[in-house]
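First comes the structure, then the notes that go with it.
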Amino acid sequence: MTDVPRYTNVDLREVRANSLAAREIVSALSEAMPSIAHLWARVYDALAVVPRLTTEISRSRAESAALRRRYADLVAAGRATLGAARDAESDPLYYLRDELRTQGHLPPDPWGRS
């Protein structure tokens, strides 16, 4: 695939582990300094969002990878179509139609194949 993702490859498991460790520290500090427990609670709540964010990042990465794959497949089909036209194949649009059909952008062919 030529379309390389443009994000920093952060280890989300490490982020989750660090977030858990930070929340454990905040809990201990809250017990050790009860006079400012309300402040530690705010920090703890702020850290609690990290697992949800890492889940969303993981989902977004997977979706992005799938979209890049589909894009790459369409580019390959377009190139194959151009090559088939250049080589005077009898049905040069076959490659593009097939990929569009595979991705659900065209109805099944007359023989019921998707």
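The values are calculated or read from the model by the stated rules, or taken from the named source; none is laboratory data. Remember, predicted model here, so these are calculated numbers, not experimental data. We place every Cβ from the backbone using ideal geometry, glycine too, and count neighbours over all the protein chains shown. Just so you know, the surface numbers come from the protein's heavy atoms only, side chains and all, with ligands and any DNA or RNA stripped out. Shrake-Rupley method; radii C 1.70, N 1.55, O 1.52, S 1.80 Å.
Is it the case that Thr54 is of a type in the set (Val, Ile, Thr) and touching a Leu at 6+ places or on another chain (Cβ under 6 Å)?
yes
Are there any pairs, at least 6 apart or on different chains, whose C-beta atoms fall under 6 Å, with the first in segment 102-114 and under 21 Å from Arg69 (Cβ atoms) and the second modelled with pLDDT of 75 or more and open to solvent by less than 60 Å² (accessible area, probe 1.4 Å), and if so, which?
Sorted first by the residue in segment 102-114, then by its partner, the pairs are Leu106/Leu100.
In the list Val49, Val10, Val43, Val26, which residue meets the criterion of being at pLDDT below 90 and not aromatic (Phe, Trp, Tyr)?
None of the other options fit; the residue is Val10.
Restricting attention to segment 81-105, which residues are of a type in the set (A, V, I, L, M) and under 27 Å from the mean Cα position of the chain (by Cα)?
Going through segment 81-105, the residues of a type in the set (A, V, I, L, M) turn out to be 82, 84-85, 88, 93, 96, 100.
Result: Leu96, Leu100.
Kindly evaluate Arg113 against the criterion of being at pLDDT 95 or above, more than 28 Å from Ala17 (Cβ to Cβ) and open to solvent by 50 Å² or more (accessible area, probe 1.4 Å).
Spelling it out, it is not the case that Arg113 is at pLDDT 95 or above, more than 28 Å from Ala17 (Cβ to Cβ) and open to solvent by 50 Å² or more (accessible area, probe 1.4 Å).
Going through segment 30-61 one residue at a time, which ones are under 13 Å from Leu12 (Cα atoms), open to solvent by less than 80 Å² (accessible area, probe 1.4 Å) and aliphatic (A, V, I, L, M)?
In the first step, residues of segment 30-61 are kept if they are under 13 Å from Leu12 (Cα atoms); the result is 50-61.
Pick out the ones that are also open to solvent by less than 80 Å² (accessible area, probe 1.4 Å) and you get 50-51, 54, 57-58, 60-61.
Passing the criteria: Val50, Ile57.
Here is a list of conditions, (1) without any contact (Cβ under 8 Å) to a residue 12 or more places away in the chain; (2) out of contact with any Pro (no Cβ under 6 Å at 6 or more places or on another chain), and Ser19 meets all of them except one; can you say which number that is?
Of the numbered conditions (1) without any contact (Cβ under 8 Å) to a residue 12 or more places away in the chain; (2) out of contact with any Pro (no Cβ under 6 Å at 6 or more places or on another chain), the odd one out for Ser19 is (1).
Sort through Arg68, Arg16, Arg23 and tell me the only one that's outside any loop (DSSP other than H, G, I, E, B), in contact with an Asp or Glu (Cβ under 9 Å, 6 or more places away or on another chain) and surrounded by 14 or more Cβ atoms within 10 Å (Cβ to Cβ).
Just a single option satisfies the conditions, and that option is Arg68.
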